[in-house]
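This report refers to the structure that appears directly beneath it.
The values are calculated or read from the model by the stated rules, or taken from the named source; none is laboratory data. This one's a predicted model, so the numbers in the text were calculated from it and none came from an experiment. Every residue, glycine as well, gets a Cβ built from its backbone with ideal geometry; the counts of neighbours run over all protein chains shown. Please note that ligands, DNA and RNA were not included when accessible areas were found on the heavy atoms of the full protein model with its side chains. Shrake-Rupley method; radii C 1.70, N 1.55, O 1.52, S 1.80 Å.
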Amino acid sequence: MHARLRVKVRYFAAVREIVNLREEILEIEDGSIVIDLLRFLATKYGDKFREYLFEPKSENPKPYLHFFLNEKTLAGIDGYSTKLSNDCTFAIIPPVGGG
């Protein structure tokens, strides 16, 4: 049996509407990185989530979405290669529209 990590995932705005949750706690493989978590979520929530999150041709996350790990932006750490830790908090935040 492989070790598992507990990760709290928080959803905001349009992403919250797609998954119909504010947050959830998931168990994923120990040693997982952010892109593994995003792919897991896309598998769990299906096409609508995948289309919202990923570029269709590259399968990279869309550049205008914001991702935070323990309240730090991924850009300030190791990006999508950032290793997840037990009991960490991951947030997906769509861009905020203005008027």
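In region 41-53, how many are open to solvent by less than 80 Å² (accessible area, probe 1.4 Å) and closer than 25 Å to Arg4 by Cα? Walk me through it before giving the result.
Step one: of region 41-53, the residues open to solvent by less than 80 Å² (accessible area, probe 1.4 Å) are 41-42, 45-46, 49-50, 52-53.
Going one step further and asking which of them are closer than 25 Å to Arg4 by Cα, we end up with 41-42, 45-46, 49-50, 53.
The number of residues fulfilling the criteria is 7.
Conditions: (1) without any contact (Cβ under 8 Å) to a residue 12 or more places away in the chain; (2) open to solvent by 80 Å² or more (accessible area, probe 1.4 Å). Arg16 meets all but one. Number of the miss?
(2)
Looking only at region 71-87, count every residue that is surrounded by 14 or more Cβ atoms within 10 Å (Cβ to Cβ) and either modelled with pLDDT under 95 or closer than 25 Å to Ala14 by Cα (or both) and tell me the total.
Total meeting the criteria: 6.
Which residues, counting only those in region 1-13, are farther than 16 Å from His66 by Cα and either open to solvent by less than 50 Å² (accessible area, probe 1.4 Å) or modelled with pLDDT under 95 (or both)?
Scanning region 1-13 gives Met1, His2, Ala3, Arg4, Leu5, Val7.
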